[in-house]
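Q: Okay, handing you the structure first.
The values are calculated or read from the model by the stated rules, or taken from the named source; none is laboratory data. Computed from a predicted structure; not experimentally measured. Neighbour counts run over all protein chains shown; Cβ positions are idealised from the backbone, glycine included.
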Amino acid sequence: MMQLPSNSRNRASASWRTFIDFLEYKCDRGGTHFVKVEPEGTTQECAECGVEVEKELWVREHSCPTCGFETDRDENAAYNVLQRGLQELGLGHAEVTPAETALPTSTTGGSSNVVDAKCVVETGSPTLKERTAVAVSE
């Protein structure tokens with residue numbers, strides 16, 4: 001249907017609207033925050049220092065000449081979207097680490113560190129303090 005010449009832009013817009021509605025519903029149902037952010041410029045802006053790095057669409061790697069940050073173009077855009085979402089929620093700066101522990105953990109074994117799954121929370125999660133308070137009270 002998208003290849004038909006008439007109204008293909010309207011069909012694409014309707015598809016995205018349906019996807020966003022479904023995503024928002026699933027987030028509400030799962031108790032997760034859903035924030036829409038402006039995606040414009042997320043692939044051009046450096047996630048590390050904020051400098052705009054012009055690149056053609058076919059260039060798939062992000063390499064910042066200012067700070068030296070290098071990553072995949074889509075990963076750079078994902079960091080920027082995350083940062084904008086956290087700013088929208090008033091949570092400030094996003095961290096690059098994917099997870100952090102809510103409580104002090106014990107380690108087992110020699111060289112490998114094992115962390116209980118109930119102690120791991122998403123970095124920048126708005127409910128981090130709530131989860132920590134619940135876990136401490138248990």
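Q: Filter the stretch 3-40 down to the residues that are at pLDDT below 75 and charged (D, E, K, R), then identify the one that is surrounded by the fewest Cβ atoms within 10 Å (Cβ to Cβ).
A: Filtering the stretch 3-40 for residues that are at pLDDT below 75 and charged (D, E, K, R), the one surrounded by the fewest Cβ atoms within 10 Å (Cβ to Cβ) comes out as Arg9.
Q: Now for a separate question. Take the residues in the stretch 11-45 that are under 18 Å from the mean Cα position of the chain (by Cα) and β-branched (Val, Ile, Thr); name whichever of them is nearest to Gly90 (Cα to Cα).
A: Applying the filter and picking the extreme gives Val35.
Q: Being closer than 13 Å to Ala77 by Cα and free of Cβ contacts under 8 Å to residues at least 40 places away in the same chain is the filter here, so list the residues in the stretch 12-41 that pass it.
A: Within the stretch 12-41, Glu40, Gly41 qualify.
Q: For residues that are surrounded by 12 or more Cβ atoms within 10 Å (Cβ to Cβ) and part of a loop (DSSP other than H, G, I, E, B), tally how many sit in the stretch 68-84.
A: Final tally of qualifying residues: 1.
Q: Hey, Glu54 hits all of (1) acidic (Asp, Glu); (2) under 26 Å from Leu91 (Cα atoms); (3) in a loop (DSSP other than H, G, I, E, B) but one; which does it fall short on?
A: With (1) acidic (Asp, Glu); (2) under 26 Å from Leu91 (Cα atoms); (3) in a loop (DSSP other than H, G, I, E, B) applied to Glu54, the lone miss is (2).
Q: For Glu48, state whether it is in contact with a Phe, Trp or Tyr (Cβ under 7 Å, 6 or more places away or on another chain), without any contact (Cβ under 8 Å) to a residue 60 or more places away in the chain, in a helix (DSSP H, G or I) and within 26 Å of Leu89 (Cα to Cα).
A: So Glu48 does not fit the description; no.
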